[in-house]
1. Choose one answer from PHE20, PHE205, PHE122: the residue with the largest mean-square fluctuation in a GNM of the chain with alpha-carbon springs under 10 Å.
2. Please state the shape class of region 110-224: rounded when a/c is under 1.5, otherwise prolate if a/b exceeds b/c and oblate if not, all from the C-alpha gyration tensor.
3. Given the options GLN98, LEU75, MET1, identify the residue whose Cα lies farthest towards the positive end of the charge dipole of region 1-104 (+1 on Cβ of Lys, Arg; -1 on Cβ of Asp, Glu).
4. What spacing in nm lies between the two simple spin-label points modelled at ARG126 and LEU66, each 7 Å away from Cα in the Cβ direction?
5. In terms of Cα to Cα distance under 26 Å, which lysines are near enough to LYS29, apart from those fewer than 8 places away along the same chain?
6. Whole number in Å², please: accessible area per residue of the chain, 1.4 Å probe, ligands, DNA and RNA not counted.
7. Taking R0 as 51 Å, what's the FRET efficiency between GLU42 and ASP83 from their Cβ-Cβ distance, rounded to 0.05?
8. Anything in the chain that counts as a DSSP H helix reaching 18 Å or more along its axis (C-alpha) with Kyte-Doolittle mean of at least 0.0? List them, would you?
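The values are calculated or read from the model by the stated rules, or taken from the named source; none is laboratory data. The structure presented is a predicted model; accordingly, all values stated were derived computationally and were not measured. Every residue, glycine among them, receives a Cβ derived from its backbone with ideal geometry; neighbour counts consider all protein chains shown. Only protein heavy atoms, including side chains, enter the accessible area calculation; ligands, DNA and RNA are left aside. Shrake-Rupley method; radii C 1.70, N 1.55, O 1.52, S 1.80 Å.
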Amino acid sequence: MDYITKPVDINVLLLKIKTFYRIYEQNRKLNEVQEKLLEEIEFRKQAEHKKDEFISIASHELKTPLTSVKGYIQLLQRSLNRDDKTMALNHLEKASIQLEKLNELIVDLLDISKIESGKMKFNMKRFCADDMVNNAIEMLQHSNPDFKITRLGKTDEMIFGDEMRLEQVVINFITNAIKYAPGTNQVNVTTHIKDEKLYLAVKDFGIGISKEQQHKIFDKFYRVEENSNRFNGLGIGLYICSEIINRHGGTIGVNSVPDEGSEFYFIIPTTEEEILKNQI
């Protein structure tokens, strides 16, 4: 890079060393900045890819029930023209089911938007845990008569939390248990309170989840790759559930064995003091 002449002038030598050291430091810092920029570019690329993938999935998932509703309404009109009330009621019922699916997707999209902006509101109060769980089971049992949803355990105590949001978690757990267990007809819902903590678990006997994928299942937009084509979904339901449980100062998790089923659970404190302490 450079040279010195003999006899060596110590001042020139020191000046050259200082210059080359300064150049070395500048190059090192430039390389660090360049590496950070490359990491940032890669992160933004992945974020953009995830966003594009989500928009694609969301548009597809929203379009499917919307197309079905349109089709059933057309069939309904034909049935009414033929004065076939039985068939008309059948088409109306199927259209209502598709509208409910559409409503659930829109609610999930609105919830994730509120989470991202920090505007997701919670109405904390004391309520009966048993009533909340029983309401969720009763509603899903009516809409899934072929499945047997069995309640195990009992909790007579009043707990502190957002009843509507916690019921949303229970409904999501049971809905997933039914959805990802084709060919089965049994779902177990277990609850108990111990040491001022509510434990709730929903177990199915379906396809299960591999060990490697279990720690990702609550990530935003995550969908198990091999199931993404078989089952509809945006990959945000469990993420929303985890945010709700976190806001209650609790923990959420899953135990699963492929081809044997999954058990999703959450544990939350039941007292106002403990929840407020965890939020602080």
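1. PHE20
2. Values: a/c = 1.62, a/b = 1.08, b/c = 1.50.
Oblate is the answer for region 110-224, as a/c is 1.5 or above yet b/c matches or exceeds a/b.
3. MET1
4. Taking the simple label geometry, ARG126 and LEU66 are separated by 4.6 nm.
5. Cross-link targets: LYS16, LYS18, LYS45.
6. Details: 18060 Å² over 280 residues.
Accessible area per residue, the chain: 64 Å².
7. Working: r = 63 Å, r/R0 = 1.24.
Efficiency at R0 = 51 Å is approximately 0.20.
8. Working: long enough: 10-81 (105 Å, -0.55); 85-117 (47 Å, 0.03); 129-143 (22 Å, -0.34); 163-179 (23 Å, 0.33).
Helices meeting the criterion: 85-117, 163-179.
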